[in-house]
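Everything below concerns the one structure shown next.
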Amino acid sequence: MNDRSPVLALDNVSKVFGSGDTAVYAARSVSFALHPGRTLALVGESGSGKTTAARLIMREYEPDSGRLLFRNAPLGKASARTIKAYRASVQMVFQDPFSALNPAHTIRYHLERPLRLHRPDLNGVQRRAAVVELLERVKLVPDQLMGKFPHELSGGQRQRISIARALAVNPQVIVADEPTSMLDVSVRLGILNLLNDMKRQESLALLYITHDIATARYVAEDIMVMYAGQIVEWGAVDSVLGQPQHPYTRLLLAAVPDPDRRFAEAPADDELSRIETIRRQSALPQPETRQVGDNHFVRPMPE
Amino acid sequence: MKLLSQLLHNRKAVVGLVILTLIILVAIFAPWLTEYSPVKRVGRPHQAPSPEHWLGTTRLGHDVFSRLIHGARVSLAVGFGAGLLITVIGTVLGIIAGYKGGVIDEIINFFTNMVLVVPNLPLLLVLASFIGQASPLVIAIILGFTSWAWGVRVTRSETLSLRQRDFVKSAEMLGEPAWRIMALEIFPNLISIVGINFIGSVIFAVITEATLEFLGLGDPNTVSWGIMLYNAQNASALSVGAWWDLLSPCLALALLGLGLALINFAIDEIANPRLRTGGMLNRWTRMVRVGEGKL
Amino acid sequence: MSQPVLSIRHLTIDYIGAETDFSAVRDVSFDIAPGEFFGLAGESGCGKSTIAFAVSRLHKPPALIRSGSEILVNGRDVLDLDEEALRAFRWREVAMVFQSAMNSLNPVLTIEAQFHDVLRAHSRISRAQARERAAELLELVDISPDRLSAYPHQCSGGMRQRVVIAICLALNPKLLIMDEPTTALDVVVQREILQRIDVLRRKLGFSVLFITHDLGLMVQVSDRIGIMLEGELVEVNDAQTIYRHPQHTYTQRLWASMPRLQGEQIAREALP
């Protein structure tokens, strides 16, 4: 199999909640692919659909239309064995380090369970060794932490355990849903670096979901910008962030706190209505796609 | 376990546990603690407390102390037995309803509502009188199967909120089977609620059993605190001045209730750290009074 | 400077425990001039929110403000005020926007009723006058007055935040304290709200004590910035100096931990 072929892909996936007037289009014709050894950043505001995309990948619910492709085969009609393989291949790192670990269980338990479920070939001794190895990989000291409970660990340590748990089953894809937004600033870089290292060492395909666009530039090669369930602009991260084409992308980038730019004296009246217009128009369904660069695409906003 | 060691550090818990342990030990060693049989006539009717009969005698000449400590066995057995039944049914149904949701939740809720709506004591009265002279075992069973509804509600709502936590999602994504998630991921986080439910159910069972027997629906040949109350009432103990006859079972029930309630408060405090004040508040008040600081 | 709006001197706050105490704020001193936008930055547990609460004397046990601390608002020591004076002081001289301000609106009252609540608690005012003033205030934050009859749950998060800010400005306070006011909001809404605050500040002349962990945001909007680490104020300077020439190693480390959107990217390893 070609190393560049995607491990996981969404093909024209849509998801609607509710119906009629109150229908919410959480995902509208969403298509993207995850390749081994590459990070794809998914950025957008709350309600943009990025969480829905993550949930569809984790199979919390099924798409209303379109398909999920795993190793180029549609997952819809998969056998139980394929589903089990899928579960081991696609893991998630959650946003909230406090809620991601069970307060009633030790760290050892958290890391042993995935091994018990997906590596039945290991006996007790091998399993224990595997847990030690996992902790060392995420730069934690095994002896200190194995018997501890989650509440005895800091947020950063808990997030590292989450990553270790995800790595335990030798996945091919990791979905990181805002993995650093609830951590202290000085701790975030360490976690991002860890994700990067793991990605490179294991040739993982990483889907990095965030609202902090600056971190997307730091960790990702490719980026997608979502709004109202649609991917409005996507491509290589330097191209999209350097020469944004879609008005919404430009709006988003202009709003990112930049210490080099002090606030203007007053927001002009027409600026506020311009923002309104961009939001309204960007929410309209737009099937057309335009290529604007080597690896840079946009769904032009309807006028 | 963590909870146990925390309990032992809590003053309320220690007092409650001491009371409870004392009552249990007295009940277990009852035959060795008294020379009198609880059902034989060993003295004159309504003798006041004396060195021979520490708590006096009943109208039929039975030794009150002997009846009291033998009766403890029945009250404890019914209390803990029914309490266990109530808690097990309530917890299991509550977790299943909360975790599974959907149709299963609807069905369990329907039955829970039915049981909740029926007033507890009148139902028990009707059942007990229908059966005639209900032995403690029968009473325990009736209590167990009619009083679980509140426990289901509480357990279900805790389960619902736990269900949303990421670690449950993580377990599901790993492919853990549902029964394992309910028993080993969710249940360990419910232990304080279940503990409080259990102790509360025990208190309820003890009191309700005594009530049923006091009202004359129990088996008069049993030796239990409820029957002691029933006998004392029939003998008009208070009017003839034989206060020991009535007060002994009353105080015994109150003591057991107190011990259990203290344990419950302690579990609640441990589970909810915001309720813990104790040492901190004293130090704080002292510092403010001395002028070391203010709010 | 002319008399500062807020003058904090040797503020020390401990959280009293059963056996040991936790030192949340250690001997912190700084001033805020009239009309100044002062930012207080730091990570979780550094004490910045504790300071904010102390200014309005909102703390409850086990918090304890050690004697020797002074919090002067327009020259008066807040720590000496009695209940009566405190009530008059709160909201009139100092107003506070909390972290979860969106949830500090009463869900069963309309927006108008919430304004009325505050206005009536602090001044004699008729229903009609209160409505007029409420409409005036809403316009300050760019909300149309026909929203007065709406309930909080019918407004978006950003709009609720703006309502809270409008209510805070109802009595023309000299100092507005904002504790992570935009953390839960999206970046576009965040920018709108902060721009609006900036404009209002210039127009109405109040000072702002702005608390956040987002240093980049703070530099954009503040005049001066204080950096807090574990209860201590380790650096205070004007915003551009904090950005371009940070003095303290902790400040330098914070900057080195924040990936840049444009220009040169930070090094992989942050400074120790």
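The values are calculated or read from the model by the stated rules, or taken from the named source; none is laboratory data. All values derive from a computational prediction rather than experimental measurement. Reconstructed Cβ throughout: ideal geometry from the backbone, glycine too, with neighbour counts over all protein chains shown. Protein only, heavy atoms only, side chains kept; ligands, DNA and RNA dropped before computing areas. Shrake-Rupley method; radii C 1.70, N 1.55, O 1.52, S 1.80 Å.
Over 27 Å apart: what share of the alpha carbon pairs of chain B falls there, rounded to a whole percent?
Working: 23163 of 43365 pairs.
Summing the P(r) of chain B above 27 Å gives 53 percent of all pairs.
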Rounded to whole Å, sorted largest first: equivalent-ellipsoid semi-axes of chain C, Cα gyration tensor
31, 24, 17
Can you pull the mean other chain C-beta count within 10 Å for peptide C:199-209?
1
Computed over segment B:132-233, the distribution of all Cα-Cα distances in 5 Å bins, rounded to whole %, is 2, 11, 18, 15, 11, 10, 9, 7, 7, 5, 4, 1, 0
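What total accessible surface area, summed over both chains, is buried at the interface between chains A and C, computed with a 1.4 Å probe and given in Å² to the nearest 100? Present the calculation step by step, with values, prior to reporting the outcome.
Details: alone 15720 and 13800 Å², together 25870 Å².
Rounded to the nearest hundred, the buried surface is 3600 Å².
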If you place +1 on the Cβ of every Lys and Arg, -1 on the Cβ of every Asp and Glu, and leave all else neutral, what size is the dipole of segment A:27-157 about its Cα centre, to the nearest 20 Debye?
520 debye
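If you count, for every residue in B:280-293, the Cβ atoms of partner chains within 10 Å of its Cβ, what is the mean?
Mean partner shielding for this stretch: 5.
How high is the relative contact order of segment B:10-83, in percent, counting Cα pairs under 8 Å that sit 6 or more residues apart? Before the final figure, lay out the partial values.
Details: 86 pairs, mean separation 20.9, N = 74.
About 28 percent, as a whole number.
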Once Lys and Arg get +1 and Asp and Glu get -1 on their Cβ, which of C:F206, A:L206, B:M114 lies farthest toward the positive end of the dipole of the protein assembly as shown?
B:M114
Sequence-distant lysines (8 or more away, or on other chains) whose Cα lies within less than 17 Å of A:K15:
A:K50
With every protein chain in place, the accessible area of C:E230 for a 1.4 Å probe, in Å² rounded to the nearest 10, comes to 120 Å²
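What part of the accessible area of chain C, given as a whole %, is carbon or sulfur when the probe is 1.4 angstrom? Provide the component values of the computation, followed by the final result.
On the way: 5550 of 11430 Å².
So the carbon and sulfur contribution to the accessible surface is 49 percent.
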Of all alpha-carbon pairs in the protein assembly as shown, indicate the percentage at a distance above 46 angstrom.
42 percent
Kindly report, to the nearest 10 Å², the accessible surface of C:T110 as traced by a 1.4 Å probe over protein heavy atoms only.
30 Å²
On the formula 1/(1 + (r/R0)^6), with r taken between the Cβ atoms of B:E106 and A:K139 and R0 of 45 Å, the FRET efficiency rounded to 0.05 is 0.40
From the protein chains alone at 1.4 Å, what is the descending order of accessible area for B:L258, A:L134, largest first?
B:L258, A:L134
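Quantify, in whole percent, the carbon and sulfur part of the accessible surface of segment B:136-295 (1.4 Å probe; protein heavy atoms only). Walk me through the intermediate numbers first.
Working: 4460 of 6980 Å².
Percent of accessible area from carbon and sulfur atoms in segment B:136-295: 64.
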At 1.4 Å probe size, with every protein chain present, just tell me what the per residue accessible area of chain C comes to in Å².
42 Å²
At a cut-off of 30 Å², which residues of segment B:154-173 become less accessible once all protein chains are present than in their chain alone, using a 1.4 Å probe?
B:R165, B:D166, B:F167, B:K169, B:S170, B:M173
With a cut-off of at most 14 other beta carbons within 10 Å, and DSSP calling the residue loop, which trypsin sites (Lys or Arg not before Pro) in segment A:74-175 qualify? Please list them.
A:K77, A:K139, A:K148
May I ask for the Kirkwood hydrodynamic radius of segment B:31-73, worked out over all distinct Cα pairs and given in angstroms to one decimal?
9.9 Å
Excluding residues fewer than 8 positions from A:K84 in its own chain, the lysines with Cα under 23 Å of it are A:K199, B:K100, B:K169
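Taking a quarter of the surface of the Cα convex hull of segment C:62-107, what do you get in nm²?
Working: hull surface 19.5 nm².
If I average the Cα hull's projected area over directions, I get 4.9 nm².
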What three numbers, in Å, describe the spread of the alpha carbons of segment C:186-272 along their principal axes, ordered from the longest?
43, 29, 21
Between C:L140 and C:D82, with labels modelled 7 Å along Cα→Cβ, what's the label distance in nm to one decimal, could you check?
3.1 nm
Which whole number gives the average, over all residues in C:14-25, of C-beta atoms from other chains lying within 10 Å of the residue C-beta?
3
To the nearest 10 degrees, how steeply does helix A:155-167 sit against the main Cα axis of chain A, on a 0 to 90 scale?
80 degrees
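For chain B, what's the relative contact order in percent, using C-alpha pairs closer than 8 Å and at least 6 residues apart? Show your work: numbers first, answer last.
Numbers: 408 pairs, mean separation 76.9, N = 295.
For chain B, the relative contact order is 26 percent.
Given a 1.4 angstrom probe, what's the average accessible area per residue across segment B:152-295, in square angstrom?
On the way: 6320 Å² over 144 residues.
On a per-residue basis, 44 Å².
Please state the relative contact order of chain C as a whole percent: Cα pairs under 8 Å, 6+ residues apart? Provide the component values of the computation, followed by the final result.
On the way: 479 pairs, mean separation 68.7, N = 272.
That works out to 25 percent.
Considering only protein heavy atoms and a probe of 1.4 Å, how much of the accessible area of segment A:125-274 is carbon and sulfur, as a whole percent? All intermediate terms of the calculation are to be shown ahead of the outcome.
Details: 2590 of 5460 Å².
With neighbouring chains kept in place, the figure for segment A:125-274 is 47 percent.
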Hey, any idea what the orientation-averaged projected area of the convex hull of chain A's Cα atoms comes to, in nm²?
18.5 nm²
